[in-house]
Amino acid sequence: MPPPRPTLRVDLSALAANWHLMKSRFSGSECAAVVKADAYGLGALPIAKRLVEEGCRTFFVATVEEGIALRQSLPDPVIYVLLGPACAEDASALHAHQLTPILNSLHQLGLWRNLAEQHQKRLPAALHLDTGMHRLGFPESETQTLIDDPSQLNAIHLQLVMSHLACPDTPEHPLNARQLERFHSLQAQLPAAPRSLVNSAGILLEPEYHYDLARPGATLYGIHPLPNRPRPLKHIATVTAPIAQIRTIEKGESVGYGGTFVARRHTRLATVPVGYADGYFRALSGIGNAAINGRLVPIAGRVSMDFLTFDISSLPEDSITPGTEVELIGPHCTVDDLAEKADTIGYEILTRLGKRLNRIYD
Ligand SMILES: *Cc1c(COP(=O)(O)O)cnc(C)c1O
């Protein structure tokens, strides 16, 4: 038996089930997978490998470096890089690793075109049109330049025309319909290529939003993009830690930095070796909880860098010893529940999970 350690366990079969579920909800022809930021903190390589086995042929990462790392293990799939090239060196690196840039501006298109001219051949690329999110993508004036002068695209093999919705998690938000209308009109004026508009939440919008290729991320990892809806996704990331120490304190004694938790009665406490350095949000101080043997226990006092303390007075005394496993994120304490308590989103909870956690894939 290995020594008990704080552990992140990633259930790859549940991942596969979530990808197939999103694929089945999508009316277009291809369901890709977004594995940027190390697959939302869960490990891009094992995750992408499993999705390839399930039939996924297209991946999205954010940066050139993420693309290079993924390409080393995955020789075949299409890998799109959301950021596009920032300089000529980026363009060369993208090309050298068979990564497909998503061009976000005439500047990026120029860098890619220069490289294509050097190689005297057309190079594959995608175009990202800004339709109202105003973060990345061709501004409408630059898209108009392409529409007026399509020869600008002569050096590229257009693989995909995409845009990104700002508010798909709020289906009734008027910006959704406005972006759909802009996208529909702009893409029709560009050379024909597969089109992509939706992320996870967008797949749950009406099929007219879907187009050809979907780009889900969050839902693959068990994050529900719409609050207060049925929760059909499987749980894929579980964080557990063994109890390091158990103690009792008396009424009036306090716990942790600042003494913010004061016992109102004889209280049993369990301390676990996970803290904000492991990505456990300090904002959960005094309000978070964990599960032991499936029963919820509240955090007592502040989250510190390396430790968390729970009030376990409600649990039978003889059921818990040092080494008993505490579920910090899992089926009883979901990433969405923790996110809501910490006033953030599940994406941030997962991407912050720290390097100290032992990782197991099964
Ligand atoms: C991150 C991202 C996605 C995936 O979004 P989810 O909400 O995680 O499904 C899709 N497209 C783009 C452009 C993104 O930046």
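Distance between the modelled labels on Glu250 and Lys49, one decimal in nanometres: 5.7 nm (7 Å Cα→Cβ projection). Taking the centroid of alpha carbons for each part, region 1-52 and region 217-275 are 24 Å apart.
For region 259-362, which trypsin sites (Lys or Arg not before Pro) pass both filters: DSSP loop (anything but H, G, I, E, B) and at most 15 other C-beta atoms within 10 Å?
Details: sites: Arg264, Arg265, Arg268, Arg282, Arg295, Arg302, Lys341, Arg352, Lys355, Arg356, Arg359; in loops: Arg264, Arg265, Arg302, Arg352, Lys355, Arg356.
Passing both the DSSP loop test and the Cβ count: Arg264, Arg265, Arg352, Lys355, Arg356.
Scalar couplings 3J(HN,Hα) for region 6-22, obtained by applying the Karplus form with A = 6.51, B = -1.76, C = 1.60 to θ = phi - 60°, are x, 9, 9, 10, 10, 8, 6, 5, 5, 4, 4, 4, 5, 5, 5, 5, 5 Hz; x denotes Gly and Pro.
The label-point distance for Asp148 and Arg122, in a model that sets each label 7 Å from Cα toward Cβ, rounds to 2.4 nm.
Taking Gln179, Gln152, Gln98 as the candidate residues, the one with maximal mean-square fluctuation in a Gaussian network model of the chain, Cα springs under 10 Å, is Gln152.
Annotation: extensible slack from Arg178 through Ala88 equals 28.9 nm (criterion: 0.36 nm per residue apart, minus Cα-Cα distance).
Taking a straight Cα-Cα cut-off under 30 Å and skipping sequence neighbours fewer than 8 places away in the same chain, the lysines within cross-link reach of Lys49 are Lys23, Lys36, Lys234, Lys355.
What is the magnitude of the charge dipole of the chain about its Cα centre, with +1 placed on the Cβ of each Lys and Arg, -1 on the Cβ of each Asp and Glu, and no other charges, expressed in debye to the nearest 20? Don't jump to the answer; show the numbers that get you there.
Values: 33 positive and 37 negative charges, 151 e Å.
Charge dipole, the chain, about its Cα centre: 720 debye, nearest 20.
The aspartates and glutamates within cross-link reach of Lys251, meaning a Cα-to-Cα straight distance under 20 Å and a gap of 8 or more places when in the same chain, are Asp311, Glu317.
On region 212-281, 49 percent of the accessible area sits on carbon and sulfur atoms, based on a 1.4 Å probe.
Taking the Cβ-Cβ separation of Arg295 and Lys355 as r and a Förster radius of 35 Å, what is the calculated FRET efficiency to the nearest 0.05? It comes out at approximately 0.70.
Taking amide H atoms as placed 1.01 Å from N in the peptide plane, the amide H of His157 lies under 5 Å from those of Leu123, Ala125, each 5 or more residues away in sequence or on another chain. Identify the residues of region 54-81 with backbone N under 16 Å of a label point that sits 7 angstrom from the Cα of Leu136 along the Cα-to-Cβ direction, or state none. Label zone hits: 59-70, 79-81.
What the chain shows is 46 Å² of accessible area per residue, with the surface traced by a 1.4 Å probe over protein heavy atoms. How much net charge surrounds Pro191 when only other residues with a Cβ under 13 Å from its Cβ are counted (Lys, Arg +1; Asp, Glu -1)? It works out to a net charge of +1. The simple Förster model, with R0 at 45 Å and r as the Cβ-Cβ distance, assigns Glu317 and Thr170 a FRET efficiency of 0.45. Taking GluC sites (Glu not before Pro) as exposed when their DSSP state is a loop state and no more than 15 other Cβ atoms lie within 10 Å, the longest site-free interval of the chain runs over 1-171. Couplings 3J(HN,Hα) of region 25-34, computed from phi: 7, 9, 8, x, 8, 9, 10, 8, 9, 9 Hz, in residue order, whole Hz [Karplus 6.51 cos²θ - 1.76 cosθ + 1.60, θ = phi - 60°; x for Gly and Pro].
The values are calculated or read from the model by the stated rules, or taken from the named source; none is laboratory data. These numbers come from a predicted model, not from an experiment. When we count neighbours, we look across all protein chains shown, and the Cβ atoms used for this are built from the backbone with ideal geometry, even at glycine. The accessibility values were calculated without ligands, DNA or RNA, using every heavy atom of the protein model including side chains. Shrake-Rupley method; radii C 1.70, N 1.55, O 1.52, S 1.80 Å.
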